[in-house]
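The values are calculated or read from the model by the stated rules, or taken from the named source; none is laboratory data. Keep in mind that this is a model prediction, so the values were computed, not measured. Don't worry about glycine lacking a Cβ; one is built from the backbone with ideal geometry, like all the others, and counts go over all protein chains shown.
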Amino acid sequence: MSDINQTTGAALQKKKYIVPIGPQHPALKEPGHFEFTVEGEIVVDASIRLGYVHRGVEKAAESRNWTQVLYLVERVCGICSHSHGTAFIQCAEKLAGVELPPRAKAVRCIAGEIERLHSHLLWLGVAAHEGGFDALFMYSWRDREIVMDILENFFGNRVNYSVNIPGGVKEDITQEFIDGISPDLDYLEERMKFYLDLINTDVTFRMRTVNIGKISYDESASLGATGPTARASGIQRDIRVDRPYDGYDLFPITLVTDDRGDLNARFIVRIKECLKSIEYIRHVMAHIPEGELTTKMPRKIPAGEYMASVEAPRGELFYFVRSNGTEMPDRVKIRTASLCNWGTIVSSVAKGHRLADMPMILAGIDPCFSCNDRMVKINFGNRNPEIWTWDQLRKYGNNFYK
Amino acid sequence: MTAILSVLQLLIFPAGIFLILISCIYEWLDRRLVAQFQNRVGPRWFQPLADILKLLSKEEIVPISVNRTLFILLPIFAFACVMTAALYVPMFGMESVIGYPGDLIITMYLLSAMTVSLGMAGANSMNRFAVVGATRTLTQLFAYEGPFMLALLIPALVAHSWEIDDVAIYASNHTWMILTYPIGFAIALIGLIGKLELSPFDAPEAESEIVSGVLSEYSGRGLALFHIAKNVELVVGLALISAFYLGGIGNLLFFTIKTLALLMLISLLQSTLTRLRIDQTVGLWWQIGALLSLGQLLIIILARIL
Amino acid sequence: METVELIEKVKTIYKGIAKSIETPENQSNRVDVFIEPDNLLEAVSALKKNERWYLIAISAYDTIGDAGEPLIGMIYHFAEEQVICSLRFFLPHNHRVVQSICPIIPSATIYERECMEMYGIDIQNTPDRSKLLLPDDWPDGIYPMFKSFTGLPDSNVVGKAADNE
């Protein structure tokens, strides 16, 4: 007991004072661990530790067939599940030499942009909450429900909607879909304009975001930031434009940038991207090509390698897939957007800022912990920890839901 | 007989149980209004009372490394401070229970003592979040306390009295001071938000940074007492401002209308503003708040001389 | 810049350094550069010096060489506009040592930590060697991404020691 007394006492006496954020902390919606060394209110050092939700997806992918892996990688992250699926299946299709029908490409585009709308609205709420602006949090999450309803009505699920199947898509964009989604898009567009106006004019909100967490163009470029984080620093980097995949070659999209590089710019870029997405969805729906939704995919994928990038809502999602000519992939490497943006936060932005700004700066890159961690450890109760085989796990699952 | 009466006044009405119940209603209204402004439903009317009853009945966990006596005594002290302060303030359309020249200073002292005990509770908790919260609580205290005090002294100066009841009676016989001294009113109201650590001055308990600040280690009875103390402080503060700036003691109906109007204003400010950083809070109070209240004071003094 | 131009540029940069340069058939915007492990730093700085190439990721994979010997393939993926350039070399299983590229690209630390944990690659001069993803009590010398890894032996199950206390 006295040990604890002494250690805490010693820690208190030290001038440098470490404030741990996580693994469980109200600012974090998922487990991660940050240690901020502070002097008074100023952060002088920062470090991260991940792995609390590591599920070993990369390892698991090596012992499943290509179709199973498609559904597995969609579960890496619930919010950008479509991006993960698209990136992976794109590798498989390219390796098999399968060319998608144009209508399938357009459907993938639309699903991707709805996902982006959903993700950005979710982020807007979370970031506002971290800054202590709960009214915006509540409003944006109510609007997010509309997007969720669209997803549920047309793709069958609120998250993990699995639009992709090998060689095509499983959902069609019907006239009913277009009629159903149009009023919602109009409403969302109006709301996004309102939020844009609010972020530009609200005095206290600007006090908390303008010139906070600044990342310069050079820093951002050399650290390899991607997605809205990079674009808010003025970097013209968007996979949809640079390396157009699936439908983005048929229907080009323009990118949104801002050159101020602070938190406010990140808000503005994301909201403008939402407006752009709404416009884009309307455009694709109006010009959707006729044709089949799927083509035939072989069960065995020829040996080879493919490196695919997809512009997920958070930035560049990178997949490196190796095939050895069997029914299962040889290696699936996943590099998520959050992971490379960590680098920018830890190495450059955190130091010198106030502790009060940290949650908002962290939220500013839209971190996704489950994206970074990919491993499972099943441990029921405290007594008998054991690694379960797939069959045991399946049996347990079946019994549980009987 | 008088002794029994005083005990009754302290424990049952107007302070004591009655005030606790009323303060729960005020907390509920505040939460409900904020929820409505934020497009939410909000809690049902008995939620704050249920929270407090539940907390009071729960086990209180005392961390190993804290000073046990202080940890247990501080919530009681904070609670006692606001309850005593309530006796000096005219509430529910009646004159205050105790009144003597200089009780305004006592009341302000008691209200500050409650904040200081919060800060001490945080520092005593030996928890990183609580210690950061405690420094923020005390820093904020130094920020708003000066202007807030000046804002409450302005009516006293105008009424030539240091007794709350006298000032209130003066206020009811003259034009409402919100019209004659609007700056003082604004500062008093915003100061009250700072005192209660509500948004936008909720940096001391910013949950996304330091969990719940000074109260991170508190549970059960201690937490409940701090909650009650804050709720009562809200009612006392509203009563004080309405007595000074909104035309005196009045009657029960007017008291309710006036305080509810003030509460609505506070809720509106809470839900439309973003949390300020602690350095921004301090800067704002000293650069704008202090100057404005000093200016208002100067005007009064000059007006009296000329 | 056009894709072809960029690829040509990569080829000129690596003329002296690379063992071979390939452009795969199934992906026209990619160029694979095969180097020796010792030339890594030189290769990375040559690329960094020329254009705004950014590091996407560092991948490793367990594979088998032409002669049937087990190898670890290491790929450093870089990108610039539409072109992906991957620097690749192979390490024998019994000598998994490579230099850190953190002095040139500071943000590579996260990927290097991942490679160290998952493949047991000894990355020299890397600033942070602490665990990033695996549990703190993960046994030393067991690397989960090897093809030979099929699960921890019972005696090593993570968390067991703590629970028996």
I need the full set of residues from region A:150-181 which are without any contact (Cβ under 8 Å) to a residue 12 or more places away in the chain and part of a helix (DSSP H, G or I), in order please.
A:152, A:175, A:176, A:179
List the number of the failed condition for residue A:237; all other conditions in (1) crowded, with 23+ Cβ neighbours inside 10 Å; (2) modelled with pLDDT of 85 or more; (3) assigned to a loop (DSSP other than H, G, I, E, B) hold.
(2)
Quick check on region A:125-144. Is at least one of its residues within 14 Å of chain B (Cβ to nearest Cβ), in contact with a His (Cβ under 6 Å, 6 or more places away or on another chain) and assigned to a helix (DSSP H, G or I)?
yes
Exactly one of A:254, A:326 is more than 11 Å from every other protein chain (Cβ to nearest Cβ) and farther than 24 Å from residue A:121 by Cα, and that residue is A:326
Does residue A:321 satisfy the criteria of being more than 30 Å from residue A:43 (Cα to Cα), assigned to a strand (DSSP E or B) and more than 18 Å from the chain's Cα centre (by Cα)?
yes
Find the helices (runs of 4 or more DSSP H) located wholly in region B:191-306 whose residues include 1 or more that are closer than 22 Å to residue B:34 by Cβ and at pLDDT 85 or above, and list them.
B:220-245, B:252-272
Applying the selection to region C:1-36, what residues are among the aliphatic types (A, V, I, L, M), more than 14 Å from chain A (Cβ to nearest Cβ) and either assigned to a helix (DSSP H, G or I) or closer than 14 Å to residue A:243 by Cβ (or both)?
C:4, C:10, C:13
From C:120, C:73, C:65, grab the single residue that is small (Gly, Ala, Ser), closer than 23 Å to residue A:95 by Cβ, more than 8 Å from every other protein chain (Cβ to nearest Cβ) and touching a Lys or Arg at 6+ places or on another chain (Cβ under 8 Å).
C:73
If you scan region B:76-119, which residues turn out to be touching a residue at least 24 places away in the same chain (Cβ under 8 Å) and among the aromatic types (Phe, Trp, Tyr)?
B:77, B:79, B:88, B:92, B:100
Give the residue that is farthest from the other protein chains (Cβ to nearest Cβ), with candidates limited to residues of region C:129-151 that are under 22 Å from residue A:23 (Cβ atoms) and hydrophobic (A, V, I, L, M, F, W, C).
C:138
Quick one: is residue C:88 in a loop (DSSP other than H, G, I, E, B), under 20 Å from residue C:7 (Cα atoms), of a type in the set (Lys, Arg) and within 12 Å of another protein chain (Cβ to nearest Cβ)?
no
How about region B:39-70: which of its residues are in a helix (DSSP H, G or I) and touching an Asp or Glu at 6+ places or on another chain (Cβ under 8 Å)?
B:48
So if I check each of B:263, B:252, which one is in contact with a Leu (Cβ under 8 Å, 6 or more places away or on another chain), within 28 Å of residue B:232 (Cβ to Cβ) and away from chain A (no Cβ under 14 Å)?
B:263
Kindly provide the set of residues from region C:87-114 that are in contact (Cβ under 8 Å) with a residue 40 or more places away in the chain and buried (at least 21 other Cβ atoms within 10 Å of the Cβ), ordered by number.
C:87, C:89, C:98, C:101, C:105, C:107, C:108, C:111, C:112, C:114
Give just the number: which of (1) within 14 Å of chain A (Cβ to nearest Cβ); (2) modelled with pLDDT of 85 or more does residue B:128 not satisfy?
(2)
Out of A:275, A:255, I need the residue that is surrounded by fewer than 23 Cβ atoms within 10 Å (Cβ to Cβ), assigned to a loop (DSSP other than H, G, I, E, B) and at negative phi. Which one?
A:255
With (1) farther than 19 Å from residue C:84 by Cβ; (2) under 22 Å from the mean Cα position of the chain (by Cα) as the list, and residue A:334 as the residue in question, which single condition is left unmet?
(1)
Taking region A:204-237 and keeping only residues that are farther than 30 Å from residue B:201 by Cα, in contact with a helix residue (DSSP H, G or I) (Cβ under 7 Å, 6 or more places away or on another chain) and of a type outside the set (Val, Ile, Thr), one is left with A:219, A:220, A:223, A:224, A:225, A:227, A:228, A:230, A:231, A:233, A:234, A:237
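Conditions tested, residue by residue: (1) assigned to a loop (DSSP other than H, G, I, E, B); (2) polar (S, T, N, Q).
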{"position": "C:59", "(1), (2)": "no, yes"}
{"position": "C:79", "(1), (2)": "no, no"}
{"position": "C:123", "(1), (2)": "no, no"}
{"position": "C:136", "(1), (2)": "yes, no"}
From the list A:200, A:157, A:211, A:164, exactly one residue is surrounded by fewer than 19 Cβ atoms within 10 Å (Cβ to Cβ) and within 20 Å of residue A:85 (Cα to Cα). Which is it?
A:157
What residue, among those in region B:204-214 that are crowded, with 24+ Cβ neighbours inside 10 Å and aliphatic (A, V, I, L, M), is nearest to residue B:115 (Cα to Cα)?
B:214
